[in-house]
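Contents: one structure, followed by commentary.
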Amino acid sequence: MGKAVRDRDIWVFVEQHQGEPCSVSLELLGKARQLADKTCWQVVAILAGRDVESLSPVLITSGADLVYLLEHPVLEYYRSDLYPPVIARLIQKYRPAVMLFGASAAGRDLAPSVAALVKTGCAADCCDMELEADGGLLQIVPAFGSQMMATIVTPAHRPQIATVRPGGFSRPAPGSREGRTERIPVELPAGKIRLADAVWEQMQPSSLAAARIVVAGGAGVGSREGWDLLHELADVLRGSLGGSRPALDAGWIEENQMIGQSGCTIRPDLYIAVGISGDIQHMVGVREAKVIVAINNNPLSPVFRQSDYGIVGDYREVVTVLLKSLKRLSKESILGKKKPSYKGF
Ligand SMILES: Cc1cc2nc3c(=O)[nH]c(=O)nc-3n(C[C@H](O)[C@H](O)[C@H](O)COP(=O)(O)OP(=O)(O)OC[C@H]3O[C@@H](n4cnc5c(N)ncnc54)[C@H](O)[C@@H]3O)c2cc1C
């Protein structure tokens, strides 16, 4: 494990909020590790902030060989005027082959700004990536309204910069790895360090990304009573509630609960789509779900072609029956009569 070597490093920008690393940064470290292991490259975590050194061990156990630590009070919060030149200067010094950013609000601002400063490309919202033997990064993105997947390459410029949406890759299981941390002096652009005041409003992170069971409603669930049923189903299953674009537009769910191309990507064990037609822009967000169950009153709905189990019927009747069975099962398991099992439906 040596010094950063030109064109042999995959860098991951680690976003942190108040001393906590964002989940997407750990997911990216796990993916970078997989890519680096195939090519004997090195994974470097770029950690910037105020008093954040204590995060280094978790970055190393998540896949980093080396952590570049940039600590300065003015880096406490992400700032569009400071972070891009600081990261660009680091790239110009060490010249990594690849740099990955989470497609969070900060990452979506930082990645293209850095790319412009170091005069390279930026592939936004990649859902997968592969590293070729010659170091070329195949950056796979949904194209034409997610109707197909396109592969973007950056043949003539380095680093190859990409953003990846939260939930796109699994978070690595904590392991025991060794690595080291190197403190990098922060070179701030002249005249830009004064910050009179900062108001920090963090968007509530969605609980969907980590949920093992997700119940989602669509345009077919058109009433308060209907959404109450879905909330109840999610509660009984100890899952989370999400929805499609029309559910958001109608105000039934919050922005961070929308699933799909312009919402979040999830990977639950069980995904229950209620009154959702299965349009590609929605289903691209649940590609990694282990089991998909669809409830829809139209037997020809495309959602059934993409589901493991389909229930044709009015969701109000179906969900009411499901709730009854689930409540009976959980009562029996509490009373010790039966082991809890979904087979009793
Ligand atoms: C660039 C772009 C990005 C987009 N991004 C997203 C995204 O991130 N997420 C997203 O979800 N969408 C997204 N969309 C919108 C997407 O194309 C679809 O319009 C949307 O997903 C459809 O939502 P839906 O399935 O809830 O509604 P609909 O397509 O209207 O389907 C409603 C379904 O409910 C069923 N139904 C009706 N009544 C009942 C009942 N009583 N019981 C059971 N079933 C019933 C119907 O049979 C129908 O299948 C995007 C579109 C574009 C162009």
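The values are calculated or read from the model by the stated rules, or taken from the named source; none is laboratory data. A quick note: this is a predicted structure, and the numbers were derived from the prediction, not measured. Quick reminder, even Gly has a Cβ in these numbers, built from the backbone with ideal geometry, and neighbours come from all protein chains shown. Ligands, DNA and RNA are excluded from the accessible area calculation, which covers all protein heavy atoms including side chains. Shrake-Rupley method; radii C 1.70, N 1.55, O 1.52, S 1.80 Å.
Points to keep in mind about this one:
- About its Cα centre, the dipole of the stretch 213-344 is roughly 740 debye, where the only charges are +1 on Lys and Arg Cβ and -1 on Asp and Glu Cβ.
- Over the stretch 213-344, relative contact order from alpha-carbon pairs under 8 Å, at least 6 apart, %: 21 percent
- The stretch 213-344: C-alpha pair distances exceeding 21 Å, %: 36 percent
- Computed from Cα atoms, the angle from the helix 224-236 axis to the main principal axis of the chain rounds to 70 degrees.
- Working note: Karplus 6.51/-1.76/1.60 with θ = phi - 60° gives the stretch 130-142 the couplings 9, 10, 7, 4, 7, x, x, 9, 8, 9, 9, 10, x Hz, where Gly and Pro are set to x.
- Within the chain, percent of DSSP bridges classed antiparallel, to nearest 5: 20 percent
- GNM flexibility winner over the chain from ARG158, ARG316, ARG224 (Cα, springs under 10 Å): ARG224
- When the listed pairs LYS31/LYS331; LYS290/LYS327; LYS31/LYS327 are checked against a 32 Å cut-off, the alpha-carbon distance exceeds it for LYS31/LYS331; LYS31/LYS327.
- Accessible surface of PHE13 - all protein chains present, 1.4 Å probe, nearest 10 Å²: 10 Å²
- Cα-based shape type of the stretch 138-188, given that a ≥ b ≥ c are square roots of the gyration tensor eigenvalues and the cut on a/c is 1.5: oblate
- Descending principal axes extents, the stretch 9-183, alpha-carbon based, whole Å: 43, 37, 29
- Under 5 Å, built H, 5+ apart or other chain: amide partners of VAL164: PHE101, GLY102, ALA103, ASP125, CYS126
- Taking all Cα pairs closer than 8 Å and separated by 6 or more residues, the relative contact order of the chain comes to 13 percent.
- Under 5 Å, built H, 5+ apart or other chain: amide partners of ILE311: ALA294, ILE295, ASN296
- Between ARG183 and THR320, residue separation times 0.36 nm minus the direct Cα-Cα distance comes to 43.5 nm.
- Label positions at ASP249 and GLU225, each projected 7 Å from the Cα along the C-beta direction, are separated by 2.5 nm.
- Quarter of the Cα convex hull surface for the chain, i.e. its orientation-mean projected area (nm²): 20.1 nm²
- Average accessible surface area per residue within the chain, 1.4 Å rolling probe, Å²: 50 Å²
- Under 5 Å between amide hydrogens, built in the peptide plane, is the criterion, and for THR181 it picks out VAL67 among residues at least 5 positions away or on other chains.
- Helix 105-118 vs. the chain, principal-axis angle (Cα, 0 to 90°, nearest 10): 30 degrees
- On Cα atoms only, tilt of 23-39 relative to the major axis of the chain in degrees: 70 degrees
- What the phi angles of the stretch 78-91 give under the Karplus curve with 6.51, -1.76 and 1.60, with θ = phi - 60°, is a coupling list of 5, 9, 5, 8, 9, 4, x, x, 5, 5, 4, 5, 5, 5 Hz, glycine and proline written as x.
- Each semi-axis of the equivalent ellipsoid for the stretch 1-99 is √(5λ) with λ an eigenvalue of the Cα gyration tensor; in descending order they amount to 21, 16, 11 Å.
- Extension gain for ARG305 to VAL291 (0.36 nm times residue separation, less C-alpha to C-alpha distance): 3.7 nm.
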